[in-house]
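What follows draws every value from the coordinates through simple rules; no lab data is involved. Every value quoted in this text rests on a predicted model; they were computed, and no experiment measured them. Glycine also receives a Cβ, built like all others from the backbone with ideal geometry; neighbour counts cover every protein chain displayed.
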Amino acid sequence: MKNAFQKVIQDFGDEWDKYDYSDNNKENHYLFKKYFDIYPFKKFKLKNYRCLDVGCGSGRWAKILSNNVKHLTLLDPSLKAINVAKKNLKKKKNVTFINKSVGDMKFEKKFDFIYSLGVLHHLPNINEALKIIATNLKKNRPFLVYLYYNLENKPLYYKAIWKFSDILRKNISRLPFKIKFTLSILIAFLIYYPFVIVAKILKKIGLDPEIIPLGQYHDKSFYVMKTDALDRFGTRYEKRYSKKQIKKLLENNGFNNVKFSKKEPYWHAIAIKK
C-alpha cells in the first residue's frame, strides 16, 4: 500500500504540472464559492486565522483564500505540486509551503481553520489522517472537507455507469502517465463534453441538468473537464463514502456538529473540532 500511495502522489504531481490553473482565475473563484458555501464566515472570521490547506495541489484554492487570512500553510506530499503552488502564489507574503504527507505533518502551533478538498479519499488510512488533522486544529474551530461520494442520491443507471467507469479507471490508471494523460483528454472530449451539451440544453428548457451523468459539468469549462477526467481515470487508489459514513468518520476522529452542503460537489461538509 505504501508503494501504491507513492505512485498516487507521483500521478497527482504530474497532473498539477499539466493543469496548473494559473490562467483560470475567474472559474477558480466560481468553484471556490461552491466549496465554501457552507463556511460560517460571520462566526469564524478568517482575517485573524492561521489556516492549513491539506493536499494543496496547484494551490488554486489557497491563492484565493490567502487574500482573506492572516497566514496560510500549504501542505502536499508531491514536490511537483508544491512547486506549482509556489509559482501560483509567488506574490503572496503570508504563505508557507511544506512538502509532506498528512501522516508526517506535525506543527508546534495549532491552526484556526483546516481544509482538505478532494484529497483524503485517496489515502490508505483516512481515519489516521483525520485524527492527525484534528490534533493540529484548535478546539471549537472549523474543518472543511470534500470526499468522493458513493452516488447514494442518484438512480441505479448512474451507479451502473459508474461501476463500468471504475473498471476503466483501474486499468487506465496503471498505464504510463503520458498515455493516460492522452486518454483522459479523449475521454473528456468524447464522453464528458457530449453529456455536458445535453445538460446545457436541459438547463435551458428548465430541467435539472444533473438528471444525466456528468450533468454537474454544465457550468464548467473544458479545462476543468480535462482535469477531472485525468483525476478520475488516472488515479490508482480512491474510496467513496455515503453521507452517513462521512459523518461517522468525522465524529469518530475528533469532530462534531457536522454540516453538509445540499449542493454539488457531493459531499462537502464542515465540522467543528471537539
ask   = Using a ≥ b ≥ c from the Cα gyration tensor of segment 8-151 (square roots of the eigenvalues), is it rounded, prolate or oblate, where a/c under 1.5 gives rounded and otherwise the larger of a/b and b/c decides, a/b for prolate?
value = rounded
task = Work out the FRET efficiency for K200 and D166 from their Cβ-Cβ distance, taking R0 = 41 Å, and round it to the nearest 0.05.
result = 0.95
request  = Among DSSP beta bridges whose residues both lie in the chain, state the antiparallel percentage, nearest 5.
outcome  = 35 percent
inquiry  = Neighbour counts of other C-beta atoms within 10 Å: give me V198, V224 arranged from fewest to most.
reply    = V198, V224
message = Using the Karplus curve 6.51 cos²θ - 1.76 cosθ + 1.60 with θ = phi - 60°, what ³J(HN,Hα) values do you get for each residue of segment 5-18, in whole Hz, with x for Gly and Pro?
response = 5, 4, 5, 4, 4, 4, 4, 6, x, 5, 4, 6, 5, 7
task = Kindly express, to the nearest 10 degrees and within the range 0 to 90, the angle between helix 193-204's C-alpha long axis and the longest C-alpha principal axis of the chain.
result = 80 degrees
message = Given a 10 angstrom Cα cut-off, can you work out which residue in K42, K226, K259 is the most mobile in a GNM of the chain?
response = K42
query = For segment 85-99, list residues with backbone N below 20 Å from a point placed 7 Å from the Cα of K109 toward its Cβ?
reply = 92-99
query = Which net charge results for the neighbourhood of Q216, defined as the other residues with beta-carbon distances under 9 angstrom from its beta-carbon, given Lys and Arg at +1 and Asp and Glu at -1?
reply = -2
ask   = What FRET efficiency, computed as 1/(1 + (r/R0)^6) with R0 = 25 Å and r the Cβ-Cβ distance, is obtained for K43 and F260, rounded to the nearest 0.05?
value = 0.90
Unit charges on C-beta of K, R, D, E only; dipole of the chain, Debye = 940 debye
inquiry  = Sort M225, M105 by Cβ crowding within 10 Å, fewest neighbours at the top.
reply    = M105, M225
ask   = Relative contact order of the chain: what whole-number percent is it, with Cα pairs under 8 angstrom and at least 6 residues apart?
value = 22 percent
Segment 75-149: C-alpha gyration tensor shape, a/c 1.5 cut-off, then a/b vs b/c = oblate
ask   = Using alpha carbon coordinates only, what is the Rg to Rh ratio of segment 151-217, with Rh defined as the Kirkwood radius?
value = 1.05
ask   = How about segment 6-60: which chymotrypsin sites (Phe, Trp or Tyr not before Pro) there are in a DSSP loop, with at most 12 other Cβ atoms within 10 Å of their Cβ?
value = F41
ask   = If you place +1 on the Cβ of every Lys and Arg and -1 on the Cβ of every Asp and Glu, how big does the dipole about the Cα centre of segment 47-103 come out, in debye to the nearest 20?
value = 320 debye
request  = Run the dipole for segment 225-274 about the Cα centre, Lys and Arg Cβ at +1, Asp and Glu Cβ at -1, nothing else charged, and hand back the magnitude in debye, nearest 20.
outcome  = 220 debye
key: Calculated [θ] (222 nm, deg cm²/dmol) that DSSP helices of n ≥ 4 give over the chain, each run adding -39,500 (n - 2.57)   = -13000 deg cm²/dmol
